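Only one structure is covered here, and it is reproduced in the block below.
The values are calculated or read from the model by the stated rules, or taken from the named source; none is laboratory data. Here the structure is a predicted model, which means the values were calculated and not measured. So basically every Cβ, Gly included, is an ideal-geometry build from the backbone, and we count neighbours across all protein chains shown. When the accessible area is computed, the model is the full protein with side chains, heavy atoms only, and any ligands, DNA or RNA have been set aside. Shrake-Rupley method; radii C 1.70, N 1.55, O 1.52, S 1.80 Å.
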Amino acid sequence: MAEPFDVTLCVDALEAPLGGIGRYVLELSNRLPNRSELSTVRYFGRGRLIDDPTPLVRGEGVRRGRGPVRFARGWLAARRLRSSLVHAPNYFLPPATELGVATVHDLSVFRFPESHPIERVRQFERSFNATLAKAAHLITDSETVRTELITMFGTSPTKVTAVPLGVSPIFRPYAREGMLPTLQRLGLAPGSYGLCVSALEPRKKLAELIDAWRRLPTRLRSQFPLALTGGFGWRNEALQDEVRKAVDQGWLRHLGYVDEADLPLVYAGAALFVYASVYEGFGLPPVEAMASGVPVIVANSSCLPEVCGDAALYVDPDDADDFTGKLGEYLENSQLRSEASRRAIQRAARFTWSACIDGTVAVYRKAMAS
């Protein structure tokens with residue numbers, strides 16, 4: 001049996017409110033210390049070693065790593081980065097890394113640079129190739145992105161492993177009476193709204209979703225308002241105007257960020273979940289919706305067919321008539337939604353954080369052997 005080894009996990013993505021990558025990093029930080037293959041797990045963030053990263057999730061300060069405080073930012077952290085396996089779960093390995101693994105969630109910044117803030121595009125232009133060269137091994141969330149990385153950057157196929165993300169058991173069907181107080185507080189009714197969980201940014205195709213919902217018969221829009229949850233994102237001034245108009249007309253609820261404790265109930269209470277994004281690296285929200293027993297409609301693009309399989313209804317978000325037609329088909333037919341709900345739960349069961357951690361540790365072993 002191989003000797004246990006040290007891992008340093010980069011945790012800069014742990015900040016409130018948690019996004020998809022932040023949730024991934026939180027699962028890694030909570031679960032890796034329980035693995036017998038790892039002798040110690042330490043955390044690196046904000047330029048220093050951190051004993052406990054969980055305060056970052058609450059937006060609090062953190063206690064520096066062990067050792068003299070004045071060395072925590074420099075010599076002590078650099079020594080740790082040089083002497084252990086470093087995992088950068090948010091693309092970029094720290095410069096001092098000597099043996100590293102990096103997770104590449106998607107390549108949207110290269111494929112759709114116009115959909116990102118210019119500062120992010122420049123960060124990738126400066127640093128991404130250096131991480132690809134430095135990393136002993138790379139992780140992607142899906143085979144789709146693995147293939148893209150190999151094709152676009154000439155990365156050796158033996159250097160990249162797809163490790164799917166997981167879904168927390170808190171995302172599951174809930175009884176109506178258990179959901180009611182939370183949903184009422186948010187202005188929602190169980191089984192009587194459509195849902196999209198997404199930041200307001202260009203590649204998510206929210207403008208097309210809002211337009212398709214607007215085209216539904218007034219009766220359906222009144223019976224099933226559309227609920228949007230997520231931050232305002234970027235490059236979305238026109239989209240914000242469309243959101244405000246729909247809110248004023250009464251058929252859209254913009255919830256903003258929803259508390260982590262409330263989010264599973266918001267998922268479970270939806271009649272339908274819609275995710276029209278043109279490009280994803282995995283698509284965690286549709287999987288969380290499926291685990292919650294909610295039928296899903298997703299864009300027929302990027303990795304979404306790979307992840308959702310036969311459990312989703314697929315749509316071209318740029319075809320307004322088709323999009324609206326499929327929304328209406330599901331909203332009008334409760335039997336269709338019930339059948340889709342059953343398939344969704346079965347599909348989501350494939351994705352667990354335990355399996356994700358197993359795959360991640362297997363990659364660590366590959367890196368150690370390289």
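Assorted remarks:
- Put a plus charge on the Cβ of each Lys and Arg, a minus charge on the Cβ of each Asp and Glu, and nothing anywhere else: the dipole of the stretch 119-271 about its Cα centre is then about 180 debye.
- Structure-based [θ]222 nm, the chain - -39500 (n - 2.57) summed over DSSP H runs of at least 4, per residue, nearest 500: -12500 deg cm²/dmol
- Remark: the Cα gyration tensor places the stretch 271-370 in the oblate category, a/c being 1.5 or greater and a/b not exceeding b/c.
- Taking all Cα pairs closer than 8 Å and separated by 6 or more residues, the relative contact order of the stretch 150-227 comes to 27 percent.
- Normalised by the number of residues in the chain, the average gap of Cα pairs under 8 Å and 6 or more apart makes the relative contact order 15 percent.
- Equivalent-ellipsoid semi-axes for the stretch 237-284 (Cα gyration tensor, √(5λ), whole Å, largest first): 21, 17, 11.
- In summary, the lysines within cross-link reach of LYS326, defined as a Cα separation below 26 angstrom excluding same-chain residues under 8 places away, comprise LYS204, LYS205, LYS245.
- Per-residue ³J(HN,Hα) for the stretch 2-13, Karplus 6.51 cos²θ - 1.76 cosθ + 1.60, θ = phi - 60°, Hz, x for Gly and Pro: 5, 5, x, 9, 8, 10, 10, 9, 7, 10, 4, 6
- Chymotrypsin sites (Phe, Trp or Tyr not before Pro) restricted to the stretch 85-136 and DSSP loop, no more than 15 other C-beta within 10 Å: none
- Each residue of the stretch 82-94 is assigned a 3J(HN,Hα), and the resulting list reads 7, 9, 10, 6, 9, 10, 9, x, 10, 6, 10, 7, x Hz, derived from the Karplus form 6.51 cos²θ - 1.76 cosθ + 1.60 (θ = phi - 60°), x at Gly and Pro.
- Distance from the stretch 161-202 to the stretch 282-307 (C-alpha centre basis), Å: 13 Å
- The aspartates and glutamates whose alpha-carbon is closer than 20 Å to the alpha-carbon of LYS159, local same-chain residues fewer than 8 away aside, are GLU98, ASP106, ASP141, GLU143, GLU148, ASP358.
- Between TYR257 and GLY230, the built amide H atoms are under 5 Å apart, and every one of these is 5 or more places off in sequence or on another chain.
- Cα-based equivalent ellipsoid of the stretch 166-283: semi-axis lengths in Å, sorted from largest, via gyration tensor: 22, 18, 13
- Our coupling estimate for the stretch 121-135, obtained by passing each phi through the Karplus curve with A = 6.51, B = -1.76, C = 1.60 and θ = phi - 60°, is 4, 5, 4, 5, 4, 6, 10, 5, 4, 5, 5, 4, 6, 6, 5 Hz, Gly and Pro reported as x.
- Surface per residue (accessible, 1.4 Å probe) for the stretch 177-285, Å²: 38 Å²
- Judged by the ratio a/c of the largest to the smallest principal axis of the C-alpha gyration tensor, the chain counts as prolate, that ratio being 1.5 or greater while a/b is larger than b/c.
- Neighbour count of at most 16 Cβ within 10 Å plus DSSP loop: longest trypsin sites (Lys or Arg not before Pro)-free window in the chain: 74-214
- A cut-off of 5 Å between modelled amide H atoms, ignoring neighbours fewer than 5 places along the same chain, links GLY191 with ALA270, ALA271.
- Overall dimensions of the stretch 316-359 by Cα: Rg and Dmax, Å: 15.5, 43
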